[in-house]
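Take a look at the structure below.
What follows is calculated from the coordinates using simple rules that are stated; it is not laboratory data. Since the structure is predicted, the reported quantities are computational estimates derived from the model, not experimental observations. No Cβ is skipped: glycine too gets one built from the backbone with ideal geometry, and neighbour counts run over all protein chains shown.
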Amino acid sequence: MLRVDGLTSGYGRIQALRGVSLEVRAGEIVALVGSNGAGKTTLLRAISGVQPIASGHIVFEGTAIERLAAHKRVAKGLGHVPEGRQIFAPLSVADHLRLGAYLRNDPSIGKDTERIYAIFPRLWERRRAAAGNLSGGEQQMLAIGRALMGRPRLLLLDEPSMGLAPILVDEIFGVILDLKAQGVTLLLVEQNAVAALAIADRGYVIETGSIVHAGSGQALLEDPRVRASYLGI
């Protein structure tokens, strides 16, 4: 579904990605793990089109998209839940979900909104509340729901458990597994590397902008180099 080849990107003189290559197959959960500053967020931003790249290729469902504007990548089936949620504080929950469907003009938007409320009942309860007044967990639910309103076939998830209580982390990971069961493919960046690899079909370890390990989620969990250097085990 997604192939990234030789991707380089940076911020001024700082090179954040150094020839990164990876692939995501349809129906998979693929985890991308690594230390802070390794390039995880930059890679997701480059794939979704909000971070410029210097070289390399991004191919989504057989089409090169590295030159497409971000909104055109959304139209092709890419969704991005950014690090830190990036909600608009004054807008209501309902407005955020409508915003997520801004490229669509079809009669099923209402049904999709109901689906989001079924996945996250708390959002239904808070649908008229300003997003800035939501808890961190509610904001994360909203960020995921907003992305799902674009009907993505591939969802990029950046640190969905950051700052959440353990019970909410379990809920978010349960939603990730449910989305996979519903046919959504996921590329997951997650600070809780053990939990991410435990649910991942495959994973990649990134270090200082380069992929240094790759394999099944289970194989990476059992790799002594990965356990010692990245999993704190």
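Some notes on this structure:
- Taken along its principal axes, the alpha carbon cloud of segment 1-88 reaches lengths of 33, 31, 25 Å, longest axis first.
- Low-density loop cleavage sites - trypsin sites (Lys or Arg not before Pro) in segment 56-107, where at most 16 other Cβ are within 10 Å (DSSP): ARG67, ARG104
- Using a cutoff of 8 angstrom between alpha carbon atoms and counting only pairs six or more residues apart, the relative contact order for segment 56-128 works out to 24 percent.
- Debye-sum result for segment 88-166 in log10 I(q)/I(0), which assumes one identical scatterer on each alpha carbon, at q = 0.11, 0.14, 0.22 Å⁻¹: -0.26, -0.42, -1.04
- Given (i) 17.2, 52; (ii) 17.9, 55; (iii) 15.9, 47, the label whose value is Rg and Dmax of the Cα atoms in Å derived from this model: (i)
- Rg then Dmax, both in Å and based on the Cα atoms of segment 121-233: 15.5, 49.
- Relative contact order of segment 1-49, defined on C-alpha pairs under 8 angstrom at six or more residues apart (%): 32 percent
- Centre-to-centre separation between the Cα atoms of segment 14-64 and those of segment 189-233: 16 Å.
- Remark on segment 171-233: hydrodynamic radius 12.3 angstrom, per the Kirkwood mean of 1/r across alpha carbon pairs.
- Taking the chain and dividing mean pair separation by its residue count, relative contact order in percent (alpha carbons under 8 Å, at least six apart): 28 percent
- Relative to the longest principal axis of the Cα atoms of the chain, helix 166-181 runs at roughly 90 degrees.
- Under 16 Å from LYS40, Cα to Cα: aspartates and glutamates that are on another chain or at least 8 residues apart: ASP5, GLU23, GLU83, ASP158, GLU159, GLU190, GLU207
- For the chain, the longest principal axis of the C-alpha atoms and the axis of helix 109-119 are separated by about 70°.
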